[in-house]
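Q: One structure, pasted below without further comment.
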Amino acid sequence: MGPRRIHVMAAAIADGDGRILVTRRPDHVHQGGLWEFPGGKLEPGETPEQGLARELAEELGVTVQASRPLIRVHHDYGDRHILLDVRRVESYRGEPRGLDGQPLAWLHPDAMDPAGFPAADRPIINALRLPSLLLITGADPARPEAFLARLDQALGRGIRLVQLRAHDLDDRAYAALAETAFARCEAAGARLLLNRDPEQARHLPHHGLHLSARALSRLERRPLAPDPSTGLVGASCHDQAELARAAALGLDYALLSPVKHTPTHPEARPLGWDRFAALADPVPLPLYALGGLDPDDLDQAFRHGAQGIAGIRGLWPE
């Protein structure tokens, strides 16, 4: 007889300051004493939305008005296999209270210590630390003034995660552009990811690294420690093997592409949303959908298991 399979609904509930509600598990239960995201087991016949609404009413005394998928995490504890189905609660009525006597706390995602949560909850922390849009920079890196004007436009529109992609620049020109782009991102409260050789990138100002699929295949360990203070690490992936490698190295996110046909890679066969969802489901990482997408595709991306969308043409100002 195999391990028990348990489908658990969990909620990410934010306050006005961006802090997330967590509750403490009783000492005598499985994973007792650790913090977790509120929720509970999905009952037979319930939809995920119904199960989450019931659990939050019973556990916290709140009424869910709107929620959307955030991430699904499969985790094997040995004696039980957990599917943690997490939804971001976008609106609710009532004031959360620990109706079962459980302690509550409001924590900013960057202040969450993964060691204080069950292992299955840790990818949720990564998802909460990431926005739904990831901009990949496009045209004009060799013309810094025009390039930075476009970057400023994107930051002004609310972009908060930027991958600096400028493969045609030599190392010196890339370093100069990275320094200026980093300052612009810092001023806007955004994070800059360098798409460059990790050894070169670590000498430049950055908030993290983005790895090509080729660079990912050559790595034996994660380039930066898994801590918000040292920076994010993500990778470009196109198939199950690359996603599994990104997860095994403990990366913070991955891009999965192409979802649709793109003019930059006309030879690549698009995954489509159903294939994207099938590849995403077993991966314990936030995944950005990439390839022919723009912000109008966000709801579709959420429904198919994505953290959000990444893009050049769909996000880089004309």
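Derivation of every value follows stated rules applied to the coordinates shown; laboratory data play no part. Predicted model, so just to flag it, every value in this text is computed and none were measured. Cβ sites come from the backbone with ideal geometry, for glycine too, and all protein chains shown count toward neighbours.
Q: Name the residue from Pro103, Ala154, Ala278 whose Cα lies farthest towards the positive end of the charge dipole of the chain, charges +1 on Cβ of Lys and Arg and -1 on Cβ of Asp and Glu.
A: Towards the positive end, the residue furthest out is Ala278.
Q: Explain nothing, just compute: Karplus ³J(HN,Hα) = 6.51 cos²θ - 1.76 cosθ + 1.60, θ = phi - 60°, for every residue of region 293-304 in order, whole Hz, x for Gly and Pro.
A: My calculation for region 293-304 gives 10, 9, x, 5, 8, 4, 4, 4, 4, 4, 5, 9 Hz in order.
Q: Something else: Return the Rg/Rh ratio of region 103-226 with Cα-based radii and a Kirkwood Rh.
A: On the Cα set of region 103-226, Rg over Rh gives 1.01.
Q: Scan around Val233 for amide H atoms under 5 Å from its own, H built in the peptide plane at 1.01 Å from N, and keep only partners 5 or more places away or cross-chain.
A: Those lying under 5 Å, H to H, from Val233 are Leu209, Asp252, Tyr253.
Q: Okay, next question. Could you sort 302-311, 263-272 so that the peptide with the highest average Cβ count within 10 Å comes first and the rest follow in order?
A: 302-311, 263-272
Q: From the backbone phi of region 38-44, what are the Karplus-calculated ³J(HN,Hα) couplings (6.51 cos²θ - 1.76 cosθ + 1.60, θ = phi - 60°) in whole Hz, Gly and Pro given as x?
A: x, x, x, 5, 6, 8, x
Q: Let me ask you something else. What ranking do 42-51, 188-197 get when scored by the average of other Cβ atoms within 10 Å per residue, highest first?
A: Highest to lowest by the protection proxy: 188-197, 42-51.
Q: If you take the alpha carbon radius of gyration of region 1-72 and divide it by 2.2 N^0.38 Å, what ratio comes out, to two decimals?
A: 1.19
Q: Continuing with this model, one more query. Whose amide H sits under 5 Å from the amide H of Ser67, counting only residues 5 or more places off or on another chain, with H placed in the peptide plane?
A: Amide H neighbours of Ser67: Glu90.
Q: Same structure again: Most fluctuating residue of Arg93, Arg184, Arg24 in a GNM of the chain with Cα springs under 10 Å: which is it?
A: Its mean-square fluctuation being the largest, the pick is Arg93.
Q: Counting alpha carbon pairs within less than 8 Å and at least 6 residues apart, what relative contact order, in whole percent, applies to region 170-318?
A: Computed value for region 170-318: 14 percent relative contact order.
Q: Got a sec to turn the phi values of region 242-259 into Karplus ³J(HN,Hα) couplings, 6.51 cos²θ - 1.76 cosθ + 1.60 with θ = phi - 60°, whole Hz, x for Gly and Pro?
A: Values, residue by residue: 5, 5, 5, 5, 4, 5, 5, 7, x, 6, 8, 6, 8, 9, 10, 8, x, 6 Hz.
Q: Could you give me D for region 1-154, from Stokes-Einstein at 25 °C and 0.890 mPa s, where the hydrodynamic radius is the Kirkwood radius over C-alpha pairs? Units µm² s⁻¹, please.
A: So the translational diffusion coefficient is about 143 µm²/s.
Q: Moving to a separate point now. So for each of 215-221, 35-41 I average, over its residues, the number of other beta carbons within 10 Å; can you give me the resulting order with the highest mean first?
A: Result, highest mean Cβ count within 10 Å first: 35-41, 215-221.
Q: What is the log10 of I(q)/I(0) for region 211-308, computed with the Debye formula using one identical point scatterer on each Cα and no solvent, at q = 0.14, 0.19, 0.23, 0.25 Å⁻¹?
A: -0.50, -0.89, -1.19, -1.32
Q: Please give the net charge around Gly291, taking every other residue with its beta carbon less than 14 angstrom from that of Gly291, where Lys and Arg add +1 and Asp and Glu add -1.
A: Here the count lands on 0.
Q: Over all directions, average the projected area of the Cα convex hull of region 1-40 and note it in nm².
A: Across all orientations, region 1-40 yields a mean hull projection of 3.7 nm².
Q: Please report the net charge: other residues with Cβ closer than 14 Å to the Cβ of Leu177, K and R +1, D and E -1.
A: Around Leu177, the charge tally is -1.
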